[in-house]
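Read through the structure below, which is laid out as structure tokens, and then see the notes.
The values are calculated or read from the model by the stated rules, or taken from the named source; none is laboratory data. Because the structure is predicted, anything quoted here is derived from the model rather than measured. We place every Cβ from the backbone using ideal geometry, glycine too, and count neighbours over all the protein chains shown. Heads up: the accessible areas ignore ligands, DNA and RNA and are worked out on the full protein's heavy atoms, side chains in. Shrake-Rupley method; radii C 1.70, N 1.55, O 1.52, S 1.80 Å.
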Amino acid sequence: MKSIKVNADYEAVLFGKKESLPVINQALEFLALFVDTRPLFSLKNYSEEYLQHVEYFTGRKPVIKKSADFENWWGELKDLELEKRLNSKEMSTRLNIEYGWSKDTHFMTQAEDLSALRDDLKYLAKNPFGMSGQNFSLVSKNDPPKSYPVIVEPLLDRVYDFSHYVFPNGQRICYQNFVDKRYQYRGTVFRDYTSPTRENLKFSHEISNEEWQNFDEALDVIVKAYQTPALKSGFSVDSFVYKESDELKIRALSEVNYRRTMGEVAFELALKFGGLRGWSMLLLSKKSPLDFGSLKKKIAPIEWTPEYSRGVVLLSPEDVRYDIFFLSALNEKEGVQLMKEMKSLLPDTEFPVDI
């Protein structure tokens, strides 16, 4: 059986880094141990305590190989030119401009293009070929971008983030994401993973039918533009809801990530551990000062077991960038209660997500 490499540094390598970045990969690679049966290619040393923890939840002891043939698990890195085009923010921006989905959005190649900016607006500047959610900066006509090419789009009053993941067979799932003030990913929630549709988003009813109808039409155009049999991986269409003049509106296309995503992993974990529990959440928090054993002991009263109506799985080992948890409950009410209990048990842990 061929091993897998969780190349979470996929975009960095795709857009220019000549060597793999183990620190980025090791921050997430352990997630595969819970949802994939294949051996994991990794140079990281996992403690026996952690491997036994994974075995307890999955029923199989993880196999870690430091030397092996492998296939990439996060992003393919096979058809590089095609993958660069599909993952670049340039393509999503061109679509936004072509279909008029985002007013005052510009793809700028030189300083002379600044004349298109409005004096009364603040803008968000993005690297067209940067990693998802990174290297954003605030700019204006009087405080222009420092380098080109650059994507410049209006700074909107962002309220909710959500995504649709499109599998290679065309199946779509929808879920809410949580990001921090710097647009860094912090979690995903499914109110009912057995019916992962946009109607089941918590905020769905707050938005007009007309907005949703326009979004549905845009989503079909986006999926058609991106879907290709040349790549085996699926892709996520990231969107968000923003407030304008006390009205909630939808930015249909924020960006597209043609690879595995945290949202997809959250769905795979729900399939693995959800059972009759419809509500589930993948949650990242700042690293706890506790070691792995101490953290596991702290959450023992709410640790996931098959017979409980709600529970938590600690996914991360102790020496990585974030603590990552999977939460599962019968419904949203139980999920909110589980989150309260978790915060009570871990008072020194900073959770960036409110549900």
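Please list, in order, the residues from region 206-235 whose amide nitrogen is less than 18 Å from a point placed 7 Å along the Cα→Cβ vector of Asp246.
Under cut-off, by backbone N: 206-208.
Please name which of Ala270, Gln52, Pro168 has its Cα lying farthest along the dipole of the chain towards the positive end, using unit charges on Cβ (Lys, Arg +1; Asp, Glu -1) and the Cα centre as origin.
Farthest towards the positive pole: Gln52.
Treat each spin label as a single point 7 Å out from the Cα along the C-beta direction, and report the Asp157 to Thr305 distance in nm.
The modelled label-to-label distance comes out at 4.8 nm.
Given contacts defined as C-alpha pairs under 8 Å and at least six residues apart, what's the relative contact order of the chain, whole-number percent?
Relative contact order comes out at 15 percent.
Grab the Cα-Cα distance for Lys141 and Arg94, subtract it from 0.36 nm times how many residues apart they are, and report the gain in nm with one decimal.
Full extension of this stretch gives 14.8 nm more.
Which order do the peptides 28-35, 301-308, 198-205, 253-260 come out in when sorted by mean C-beta neighbours inside 10 angstrom, highest first?
The peptides rank, most packed first, as 253-260, 28-35, 198-205, 301-308.
Please list 215-221, 110-116 highest first by mean number of surrounding beta-carbon atoms within 10 Å per residue.
Going from most to least packed, we get 215-221, 110-116.
Dipole of the chain (Lys/Arg Cβ +1, Asp/Glu Cβ -1, origin at the Cα centre): which of Ser115, Pro352, Ala68 lies farthest to the positive side?
So the residue furthest toward the plus end is Ala68.
May I ask for the Kirkwood hydrodynamic radius of region 243-338, worked out over all distinct Cα pairs and given in angstroms to one decimal?
15.3
Which value in nm describes the separation of the simple spin-label points at Asn169 and Asp120, placed 7 Å from the Cα toward the beta carbon?
Computed distance between label sites Asn169 and Asp120 equals 5.2 nm.
5 Å is the cut-off here: which amide hydrogens, built 1.01 Å from N in the peptide plane, fall below it relative to Val159, excluding neighbours closer than 5 in sequence?
Answer set, sorted by chain and number: Val241, Tyr242, Lys243.
Grab the Cα-Cα distance for Lys202 and Asp354, subtract it from 0.36 nm times how many residues apart they are, and report the gain in nm with one decimal.
Extra length from Lys202 to Asp354 when fully extended: 53.4 nm.
By the scheme Lys and Arg +1, Asp and Glu -1, what is the net charge of all other residues having a beta-carbon under 12 Å from that of Met1?
Once all neighbours under 12 Å are counted, the net charge is 0.
Please determine, in degrees from 0 to 90 and to the nearest 10, the orientation of helix 332-345 with respect to the longest principal axis defined by the Cα atoms of the chain, where the helix direction is its Cα long axis.
The angle comes out at about 70 degrees.
When ligands, DNA and RNA are left out and all protein chains stay put, how many square angstrom of accessible area per residue does region 142-265 have with a 1.4 Å probe?
That works out to 46 Å² per residue.
Using each residue's phi in region 239-244, evaluate 6.51 cos²θ - 1.76 cosθ + 1.60 at θ = phi - 60° and report the 3J(HN,Hα) Karplus result to the nearest Hz, with x for Gly and Pro.
So the J values, rounded to whole Hz, are 9, 8, 9, 10, 9, 9.
Output wanted: per-residue J couplings in Hz (rounded whole) for region 258-269, from phi through Karplus 6.51 cos²θ - 1.76 cosθ + 1.60, θ = phi - 60°, x for Gly and Pro.
Residue by residue, region 258-269 yields 8, 5, 5, 10, 5, x, 5, 4, 4, 5, 4, 5 Hz.
Roughly how many debye, to the nearest 20, is the charge dipole of region 105-238 about its Cα centre, given +1 on each Lys and Arg Cβ, -1 on each Asp and Glu Cβ, and no other charges?
The dipole of region 105-238 has a size of about 580 debye.
What residues from region 79-94 fall in the zone where the backbone N is under 17 Å from a label point 7 Å along the Cα-to-C-beta line of Asp36?
79
Can you tell me which lysines have their Cα less than 21 Å from the Cα of Lys146? Leave out same-chain residues fewer than eight positions away.
Candidates past the 8-residue exclusion: Lys89, Lys122, Lys126.
Taking K and R as +1 and D and E as -1, what net charge do the other residues with C-beta under 15 Å from the C-beta of Ser328 add up to?
Around Ser328, the charge tally is -2.
Once you keep just the Cα pairs under 8 angstrom separated by 6 or more residues, what percentage relative contact order results for region 283-355?
Relative contact order for region 283-355 comes out at 37 percent.
Residue by residue through region 152-165, which ³J(HN,Hα) values in whole Hz follow from phi under the Karplus form 6.51 cos²θ - 1.76 cosθ + 1.60 (θ = phi - 60°), with glycine and proline marked x?
Each residue's phi maps through the Karplus curve to give 10, 9, x, 7, 9, 7, 6, 10, 9, 10, 8, 9, 10, 9 Hz.
What does the charge count near Asp180 come to, summing +1 for each Lys or Arg and -1 for each Asp or Glu among other residues with Cβ under 12 Å from its Cβ?
+2
Roughly how tilted is helix 209-226, in degrees to the nearest 10 and between 0 and 90, from the longest Cα axis of the chain?
80
Please give the Cα centre distance for region 7-31 versus region 288-355, rounded to the nearest Å.
26
Leaving out ligands, DNA and RNA, and with a 1.4 Å probe, what % of the accessible surface on the chain is carbon or sulfur?
Taking all protein chains in place, the chain shows 48 percent carbon and sulfur surface.
How high is the relative contact order of region 1-125? Use alpha-carbon pairs under 8 Å, at least six apart in sequence, and give a whole percent.
Contact order relative to length: 27 percent.
Might you tell me the accessible area per residue for region 55-121, computed with a 1.4 Å probe and given in Å²?
Averaged over the residues of region 55-121, the accessible area is 59 Å².
Could you compute the FRET efficiency for Lys65 and Lys286, with r as their C-beta to C-beta distance and R0 at 25 Å, rounded to 0.05?
0.20
How far is helix 48-58 tilted, in degrees, relative to the longest principal axis of the Cα atoms in the chain, given as a value from 0 to 90 rounded to the nearest 10?
Its long axis makes an angle of about 80 degrees.
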